[in-house]
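Notes follow once the structure below has been shown.
The values are calculated or read from the model by the stated rules, or taken from the named source; none is laboratory data. All values reported here derive from a predicted model rather than from experimental measurement. Cβ placement follows ideal geometry from the backbone for every residue including glycine, while neighbour counts extend to all protein chains displayed.
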Amino acid sequence: MEIASLGREGDGIARIGARPYYFPYLVPGDVLDLQTDEAGHYLEHHLVSPASHAIAPPCTIFTQCGGCATQRLSFSDQLSWKRARVQAALERAGLDVPPPTAMHQSAPLSRRRVDLAVVKSEAGVVIGLHQRKSAPVDMTSCQLLDPRIFALLAPLRDLMRRLGAISREADLHINLFDSGADIVIGANAAPSLSDRGKIAAFAAAHHIPRICWRQGKSYDNKPEVIAQLRPVTHDFSGTTMSPPPGSFMQPTASGEAAIIASVCEALPKLNKRDRIAELYSGMGTLTLPLSAYGFVEAYEGAASSVAALDAVRTGKRLSCSVRDLARQPLQQKELEKSRLVVMDPPRMGAGTQAAQVAEAGVRDVIYVSCNPQALVNDLAPFVRQGYALLSWSVIDQFLWSAEVEAVLALTLDRKRLAKRRA
Ligand SMILES: C[S@@+](CC[C@H](N)C(=O)[O-])C[C@H]1O[C@@H](n2cnc3c(N)ncnc32)[C@H](O)[C@@H]1O
C-alpha cells in the first residue's frame with residue numbers, strides 16, 4: 001500500500017477501503033507493507049520503497065526526538081503542505097480563497113524560543129522534547145535550535161543533575177533575547193539555598209543575564225528571579241524592551257518579521273487618529289509597528305507582558321490593558337469605535353471573543369492564526385456577518401512540525417475587495 005496524504009500531525013496516511021492507517025515519519029509516495037490482524041488492527045509495517053521525492057532526514061535523532069515529524073520532506077514540500085492546510089481551513093470556513101500573497105519559511109538553526117522537558121534518574125539527566133505519549137529523548141543533536149541555545153544543553157544537564165530541588169522531573173523555558181538566553185526552570189519544589197548558589201554560579205559561568213524559578217505546574221505561577229547579572233533586553237521594531245521571564249516571543253526572528261510585514265501589508269488605508277483594537281498583544285510585537293499607522297488599544301492577558309509594553313509607551317500612539325479575553329471578551333459596544341481589529345489569539349483560538357469582534361461590524365479585521373483547526377471555528381461568525389477574505393499569507397516558523405501560522409485580512413468593504421481582486 002502507498003501513503004496517500006499527510007495527517008494533521010504530519011503522519012503519513014494510507015487507507016484500506018475507507019479505513020485510514022497513520023504512520024509517523026512516512027510521506028506521500030512511500031510504499032509499505034502493512035500487517036494487520038483479522039479485524040484490521042495494525043500489527044506492524046515496514047517500508048518497501050521510499051517516495052522518490054523523500055529526502056534523507058538532516059538530524060541524527062529524527063524519529064527518536066519528539067521535535068520533528070516531517071524531516072523526510074523538502075523545505076518546499078513542507079511549505080506546500082502547510083499552505084494547503086491553511087487553504088483547506090479557509091475553504092472549510094466557507095470563504096472564497098484567492099492565492100496567498102506571501103509565504104515565509106524560517107531557516108534551520110533559527111529557533112530562539114523553546115520549552116524542554118527534564119527527566120532525572122540514576123542513569124543521568126535527559127533534556128529534550130516529549131515523543132508523542134512517551135518520555136522525552138535526550139536532545140544530543142538539533143537542526144532547529146539556534147546553536148547558542150543548543151550549546152547550553154550540555155551544561156544545563158550538569159546543573160539539573162546537581163540541583164537538589166529537582167528529584168525527577170522539571171522543565172526549562174528558554175528565550176534567546178538580544179541580551180542572551182533567558183531561562184525559567186520549572187519544578188515542583190522550591191530551590192534550596194545551595195541550589196540558588198549553584199544557579200547563580202551557572203549564570204555567571206555561562207554569561208546568562210537572568211535565570212528564574214517557577215514552582216508548581218501552573219504557568220500562572222510567577223517565576224522568581226534567582227540570578228540576574230545584567231538587564232534583560234530585546235529590540236522590538238526599534239524599541240528596546242525589558243521582557244519579563246517566560247514571556248511569549250515569536251519563535252524565530254525572521255518569522256516575526258514576516259508576520260509584521262504581512263500584517264502591515266494587510267492594513268486598510270488609515271489615518272493617524274483611527275483606532276486599532278489589538279487583541280492578544282503579548283509584549284507588543286505587533287503593537288509597536290501598528291502604532292505608526294493609528295492609535296492602538298492593546299489588550300493582553302499576561303500582566304507582566306503588558307507592564308513591559310507600558311514601560312516603553314511614552315510618546316507612542318498606544319494604550320495597553322490587562323484583560324482576560326476568554327473571561328471578559330471585548331464587547332461589541334467597546335469595539336464599535338475601532339476602525340480595525342487585529343487579533344493574534346493563542347492556539348485554542350479566540351472563541352467568544354471572535355464572535356464579539358464579528359458582531360461589532362468593524363470594517364476590517366486582521367486575524368493572525370497559529371492553528372488551522374481553531375481558525376475554522378473562529379471564522380464562522382465572520383462568515384455569518386458577511387466578511388470576505390481579502391488576502392492571506394502563510395508563515396512556517398516551526399520547520400519540520402505540523403505547526404503553521406497565517407495572517408488573514410477580512411473585510412466588509414466590498415469596494416476594497418473588488419479593487420484587490422481586480
Ligand atoms: C500567539 S500569542 C501573540 C502575542 C503577540 N501578538 C506577539 O506576536 O508576540 C497569543 C497571546 O495571547 C495571550 N493570551 C492567551 N490567553 C489569553 C486570554 N484569555 N486573554 C488575553 N490574552 C491571552 C498570550 O499571553 C499571548 O501573549
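Can you spot a residue in region 147-160 that is modelled with pLDDT of 95 or more, of a type in the set (A, V, I, L, M, F, W, C) and under 24 Å from residue 305 (Cα atoms)? Yes, region 147-160 contains a residue that is modelled with pLDDT of 95 or more, of a type in the set (A, V, I, L, M, F, W, C) and under 24 Å from residue 305 (Cα atoms). When you look at residue 322, is it within 14 Å of the ligand (Cβ to nearest atom) and either crowded, with 21+ Cβ neighbours inside 10 Å or free of Cβ contacts under 8 Å to residues at least 12 places away in the same chain (or both), yes or no? Spelling it out, it is not the case that residue 322 is within 14 Å of the ligand (Cβ to nearest atom) and either crowded, with 21+ Cβ neighbours inside 10 Å or free of Cβ contacts under 8 Å to residues at least 12 places away in the same chain (or both).
Scanning region 42-94 for residues that are aromatic (Phe, Trp, Tyr) and without any contact (Cβ under 8 Å) to a residue 24 or more places away in the chain yields a total of 1. Within region 23-45, if we keep just the residues that are of a type in the set (Ser, Thr, Tyr) and surrounded by fewer than 16 Cβ atoms within 10 Å (Cβ to Cβ), the residue that is farthest from residue 371 (Cα to Cα) turns out to be 36.
Name the strands (runs of 3 or more DSSP E) wholly inside region 86-150 in which the number of residues that are within 20 Å of residue 251 (Cα to Cα) is 3 or more.
102-105, 113-121, 124-130
Is it the case that residue 414 is farther than 20 Å from residue 262 by Cα and over 25 Å from the mean Cα position of the chain (by Cα)? Judged against the criteria, residue 414 is a match.
State yes or no: is residue 385 under 13 Å from the mean Cα position of the chain (by Cα) and not hydrophobic (A, V, I, L, M, F, W, C)? Here the answer is no, as residue 385 does not meet what is asked.
Contact map, region 360-375: first residue assigned by TED's automatic domain parsing to the domain that holds residue 290 and over 12 Å from residue 394 (Cα atoms), second residue basic (Lys, Arg) and not in a helix (DSSP H, G or I), Cβ cut-off under 8 Å, separation 6 or more or different chains; pairs are 362/339; 363/339; 364/339; 373/8; 374/347.
The residue that is farthest from residue 412 (Cα to Cα), among those in region 325-368 that are more than 16 Å from the ligand (Cβ to nearest atom) and surrounded by fewer than 15 Cβ atoms within 10 Å (Cβ to Cβ), is 333. Taking the numbered list (1) surrounded by fewer than 18 Cβ atoms within 10 Å (Cβ to Cβ); (2) under 22 Å from residue 23 (Cβ atoms) in turn, residue 92 passes all entries but (2).
Using the structure shown, decide if residue 305 is away from the ligand (no atom under 13 Å from the Cβ), of a type in the set (S, T, N, Q) and surrounded by 20 or more Cβ atoms within 10 Å (Cβ to Cβ). Here the answer is no, as residue 305 does not meet what is asked.
In region 276-298 there is no residue matching the filter, namely being surrounded by fewer than 23 Cβ atoms within 10 Å (Cβ to Cβ) and at pLDDT below 95. The set of residues in region 3-22 that are at positive phi and either surrounded by 13 or more Cβ atoms within 10 Å (Cβ to Cβ) or touching a Phe, Trp or Tyr at 6+ places or on another chain (Cβ under 8 Å) (or both) contains only 10.
In the list 245, 231, which residue meets the criterion of being surrounded by fewer than 18 Cβ atoms within 10 Å (Cβ to Cβ), part of a loop (DSSP other than H, G, I, E, B) and in contact (Cβ under 8 Å) with a residue 40 or more places away in the chain?
Result of the check over 245, 231: 231.
As for region 406-413, it holds no residue that is surrounded by fewer than 23 Cβ atoms within 10 Å (Cβ to Cβ), modelled with pLDDT of 95 or more and within 14 Å of the ligand (Cβ to nearest atom).
Yes/no matrix, rows are residues, columns are (1) surrounded by fewer than 21 Cβ atoms within 10 Å (Cβ to Cβ); (2) in contact (Cβ under 8 Å) with a residue 60 or more places away in the chain:
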| position | (1), (2) |
| --- | --- |
| 135 | yes, no |
| 139 | no, yes |
| 150 | yes, no |
| 187 | no, no |
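Can you name the residue in region 264-297 that is more than 24 Å from residue 331 (Cβ to Cβ) and part of a helix (DSSP H, G or I) and, of all such residues, is farthest from the ligand (Cβ to nearest atom)? By that ranking, first place goes to 265. Looking at region 298-309, is at least one residue within 25 Å of residue 220 (Cα to Cα), without any contact (Cβ under 8 Å) to a residue 24 or more places away in the chain, out of contact with any Lys or Arg (no Cβ under 9 Å at 6 or more places or on another chain) and among the small types (Gly, Ala, Ser)? Yes: region 298-309 contains one or more residues that are within 25 Å of residue 220 (Cα to Cα), without any contact (Cβ under 8 Å) to a residue 24 or more places away in the chain, out of contact with any Lys or Arg (no Cβ under 9 Å at 6 or more places or on another chain) and among the small types (Gly, Ala, Ser). For residues that are more than 24 Å from residue 193 (Cα to Cα) and within 13 Å of the ligand (Cβ to nearest atom), scanning just region 221-247, find the one that is modelled with the lowest pLDDT. That would be 247. Filtering region 393-403 to residues that are part of a loop (DSSP other than H, G, I, E, B) and either of a type in the set (Gly, Ala, Ser) or surrounded by 24 or more Cβ atoms within 10 Å (Cβ to Cβ) (or both) leaves 397, 399, 401, 402.
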